[in-house]
Structures are given as structure tokens and as C-alpha cells.
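The values are calculated or read from the model by the stated rules, or taken from the named source; none is laboratory data. None of the values given here were measured: they were computed from a predicted structure. Ideal geometry is used to build each Cβ from the backbone, glycine not excepted, and the neighbour counts take in all protein chains shown. Side chains included, ligands, DNA and RNA excluded: accessible areas come from the protein's heavy atoms. Shrake-Rupley method; radii C 1.70, N 1.55, O 1.52, S 1.80 Å.
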Amino acid sequence: MSALRIIPVSLGTRSYDIEVGSENLKQIGTFLAAFQPISSAVILTDENVNRLGYAHRVAESIAETGIDASIFSIAAGEQSKSIETAATLWETLLEEGIDRKAVLVSVGGGVIGDLGGFIAATYARGIRFFQVPTTLLAQVDSSVGGKVGIDLPKAKNMVGAFLQPLGVLIDIQTLQTLPDDQYRSGLGEVIKYGVSLDAELFQFLETNIEKINLRDIVILKRIVADCCRIKAKIVTEDEFETTGYRVLLNYGHTFAHAFEIQSGFKLLHGLAVSIGAICAARLAVRLGLVDETFLQRQLDFHQALGLPTEVPNGIDWHQTTGLMRRDKKSEFGKLRFVLPTGIGSCRLIDDVDPSLIERGL
Ligand code: GLY
């Protein structure tokens, strides 16, 4: 398979590379060994990913460099991004004698990456961290940029930190074993980059719908690398989300987080983003930022990729705006949205009138 694509994330002393390849899990040992001395590698994964053998492949490659590697596997699913699982992991690392020269390696999707990073940021006041994302959602978004954390029952990602990893290794082949809903969920984040941030990527996606649906490796490698490049640029300029630039990565997310909570986290994040992006586009039409043609083009695009566009049954719009005010992106209790202004461009709009949402989207 073709060569690796290396995407640098330039953040001074916290700089790192994202390596996008195919069948490259076995190269992690070499990648990690550059950061010696390392006392041990703690590999965090979930039961589904562990069954597929990815964590073992990572452990073997690390062990070949002489670094002791052990696997810790937890229950799969958003429910594991909790204070209870974090407490169990802190205790386990202590019992296993893990010290500050250890590296925590997350092998899995967004939950494992966010939770693993949170443990690395907090255990022993911080150990080093490495990301091996194996879902599309984690490869294009959550493994890049250093946001780590856990959920509170009524607020997603509410407790956490910024911790940049030592590196990110992406093996595109792992996408072949993803269940369909997980793959679609990743596509929900991919469309975010195209629709709200990069018109060229949007056009590439629109002209390759069939290959995307068939999980063509060459196309996916280009898409994942493009998304990482777009995100790396934004993170480089606004690492801690203080200037209003990084927040633009959240197209559809204000709606998505509220829908996820109302579904008891049963609705997958990227599918919630897909619905949230359509709600954001509908709101943008109401505010006169885009026209119906834009909305229709986006609807057609989501449908061609098998992505949901309608809000789930039972969504209470009044409750939705209440949850949105509690979202961590909300400031001074105002409703804030990233809204499209055209294909590949968006704006952060503050203080949206709640009645525009409460009459349904
Ligand atoms: N997922 C949005 C961000 O990393 O800022």
C-alpha cells in the first residue's frame, strides 16, 4: 500500500506528528521508542477493539523495542467515559506500579481516546499519552488536538483537560472492521469539515460518494489525512479554544450534544452531529445566512452517505434549549451556534433567540 502521510501539528514544545498509513500498526514501537526513556506502556482499549486483535498488535510492536507493554480492556461505549471508570483505572494503574515515566496508549475510538487522555492528564499529575485511533470518528477528529475528558450524566465532555499526545498513528485498514453505524458516525464528523470549513473537501466528498460507501482505502486515506490537516491548522492557531477559531470545529455540535443526552447517549455522536448539522443549516436558513438551495444540497449529501437528517422521536425542544445553555460552549447562558454561511464557510453566532429553535427544526 502507498506511503505514509505525515501531518505535523506545530505547537512548540508540544508539537507532534500524525502518521496516516495502512497496515502500519506494527510501526508503533519505532514511533514510540523515539520518546525513551519509557518505563512501560499502558495500552487502554475496549472489549470490541480488543477482540479484533489491534491492541495485541500494538503491544507486540512496543514489546519488540524492549518496552514493557500491558493491555487494559474496558467495556465499550460512551457509558465508560465516566468518573466511575476513571476511578477504577487510577486504582488499577497504582496497583500495577505504573510510574511517571510510563506512556498511556489509547487504542480504540473516541471514548478510549478521550478517557485514556484524561487518565494520562491526571494520574500521578500527568503521564505521557499516545493515540492509536481505530474508528473513523476518532481518526478524523477526537484523536487530534489534545481535548481529553469524561462526561457528566447531563453534560458531555464536561470534565477534562488539554493534553497533546506524543503522536497519533492511524491505520486506515482498521476502518474495514468497523460496524456500519460506527462508520456512518465517523462520516458525520467528516461532513462537518467539508460543509463548514473546506469547500474543496466537500466537492471531493460529493464526487466520491460511491467509493466512500464502499470504504475504498485510497479515498479514505486521502479523506482522513485532509481532515487531520484541516484540524491541525486550526489547533495550531487556537490550541485552547480562546480566540473563537477552534470553536468553528463544532458545526452541528450544540444540537448534537443535546440530542445525545436526551437519548441517554444511545445515539452515536457522529449520527447526532449529522442531525445537528441539518438543524444548524435549517436555523441558518431562518436567520437568512444561507438559502434553501444550500439546505437541499446538504440534505442530498447526507442522504447519499446514509446519514440521518431528522431529529429523533421524542425530542423536546424546550428541554433541548435548556441543555444547550448548559453546554460547555455556552457563555453567560446564551445560545451559541456555529452556522454555515455557504459551502466551506461558517460563523459563530451568539445569542440566538430560543423561540427560533423551540418552534422545531
Ligand atoms: N472536536 C472539536 C475540537 O477538538 O475542538
Computed over the chain: longest principal axis from alpha-carbon atoms vs helix 83-95 long axis, angle to nearest 10 degrees, is 10
Ala75-Asp216 pseudo-label distance in nm [points 7 Å out on the Cα-to-Cβ vector]: 4.1
With the Cα gyration tensor of the stretch 177-328 giving a ≥ b ≥ c as the square roots of its eigenvalues, does the rule (a/c under 1.5 for rounded; else a/b larger than b/c for prolate; else oblate) give rounded, prolate or oblate? rounded
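Between rounded, prolate and oblate, where does the stretch 252-350 land on the alpha carbon gyration tensor, with a ≥ b ≥ c its root eigenvalues, rounded for a/c under 1.5, else prolate if a/b exceeds b/c?
Working: a/c = 2.00, a/b = 1.16, b/c = 1.72.
Oblate shape, in that a/c is at least 1.5 and b/c is the bigger or equal ratio.
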Holding the Cα-Cα limit at 26 Å, pick out from Lys156/Lys231; Lys101/Lys233; Lys154/Lys233; Lys81/Lys221; Lys81/Lys101 the pairs that are longer than that. Lys101/Lys233; Lys154/Lys233; Lys81/Lys221
Any chance you could check the Cα centroid distance between the stretch 264-340 and the stretch 221-238 for me, in angstrom? 23
Tilt, helix 217-237 to longest principal axis of the chain (alpha-carbon atoms), in degrees rounded to tens, equals 80
At what distance in nm do the modelled label points of Glu47 and Phe35 sit from each other, each positioned 7 Å from its Cα along Cα→Cβ? 2.9
Using the crude model of +1 on Lys and Arg Cβ and -1 on Asp and Glu Cβ, and no other charge, please compute the dipole size for the stretch 153-202 relative to its Cα centre, in debye to 20. 320
Whole-percent carbon and sulfur share, accessible surface of the chain, 1.4 Å: 51
Test of understanding: in a Gaussian network model of the chain with alpha carbons linked when under 10 Å, which of Glu78, Glu241, Glu260 would top the mean-square fluctuation ranking? Glu241
Taking Cα atoms only, helix 317-326 is inclined relative to the longest principal axis of the chain by an angle, in degrees rounded to 10, of 50
For the stretch 1-73, what is the accessible area per residue in Å² when the probe is 1.4 Å? 49
By accessible area (1.4 Å), largest first, Thr242, Thr254 order as Thr242, Thr254
If you take the beta carbon distance between Glu95 and Arg125 as r and set R0 to 22 Å, what does 1/(1 + (r/R0)^6) give as a FRET efficiency, to the nearest 0.05? 0.75
Can you give the accessible area of Thr243 in Å² (nearest 10), computed on protein heavy atoms with a 1.4 Å probe? 100
In nm, spacing of pseudo-spin labels at Leu152 and Leu11 (7 Å Cα→C-beta vector): 2.4
